[in-house]
1. Of the conditions (1) over 18 Å from the mean Cα position of the chain (by Cα); (2) surrounded by fewer than 21 Cβ atoms within 10 Å (Cβ to Cβ), residue 43 clears all except one; give me its number.
2. Test residue 189 against the stated conditions and say whether it is surrounded by fewer than 23 Cβ atoms within 10 Å (Cβ to Cβ), closer than 21 Å to residue 121 by Cα and at pLDDT below 90.
3. Right, residue 108: free of Cβ contacts under 8 Å to residues at least 12 places away in the same chain and within 19 Å of the chain's Cα centre (by Cα) or not?
4. Scan the stretch 136-158 for residues that are assigned to a loop (DSSP other than H, G, I, E, B), in contact with a strand residue (DSSP E or B) (Cβ under 9 Å, 6 or more places away or on another chain) and farther than 14 Å from residue 120 by Cα and jot them down.
5. Do you know which of the residues in the stretch 111-134 that are in contact (Cβ under 8 Å) with a residue 40 or more places away in the chain and within 17 Å of residue 155 (Cα to Cα) is nearest to the chain's Cα centre (by Cα)?
6. Looking at the stretch 66-88, can you tell me whether even one residue there is over 17 Å from residue 43 (Cα atoms) and touching a residue at least 60 places away in the same chain (Cβ under 8 Å)?
């Protein structure tokens, strides 16, 4: 903890286990959503091959309990094909959620190492613009950390466990902070989360010089040869691009 104190800044500490979103939280979406559900511990409705377009995402929303928070992970499969004329399907999802008093935190499509990543970027911008000022909290997953490729599986689309942990904790930080920057974070323009190693202890989150600090976890605290340490991502509060 001495490293954080040496920054001469105040870190507000609160316990944040991986499953801290509460028993009423659920995950809706595609295979990326399946990965998020596994690290979050939330009830999972996500399935492989789900698109924004079509009835299957809406079926998942129908199954979600009223008065819950739905972490919606959709868009990657649509970006592989056409991203045109999605408005009706987005309206259907958000209107059904409103009727059931379900809060939505929408995790945008992350970067992919495919030729169609340009459509994923375009869809991210579309969703960010659409949900700006609405009841839906949109969290762009196009930042320098996720777009670096270090978290991706060989298929260039799916993520390794640390990537899903990163996505979940970024979404969790957004859900818990009224002024978290929800603007699209373009791979080239966005400030990356900075990384600090601190002495092992309770998982923490909070504000640090106007940023949000979220611990990165795999199966436990990271270890080095000298001592147990914990990696902390500092998410900058970005402004709209």
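1. Against the list (1) over 18 Å from the mean Cα position of the chain (by Cα); (2) surrounded by fewer than 21 Cβ atoms within 10 Å (Cβ to Cβ), residue 43 comes up short only on (1).
2. The answer is yes for residue 189.
3. no
4. 136, 145, 151, 153
5. For the stretch 111-134, the residue satisfying everything is 111.
6. Yes, because at least one residue in the stretch 66-88 is over 17 Å from residue 43 (Cα atoms) and touching a residue at least 60 places away in the same chain (Cβ under 8 Å).
The values are calculated or read from the model by the stated rules, or taken from the named source; none is laboratory data. Bear in mind that the values here come from a model prediction, so they are computed numbers and not experimental data. When we count neighbours, we look across all protein chains shown, and the Cβ atoms used for this are built from the backbone with ideal geometry, even at glycine.
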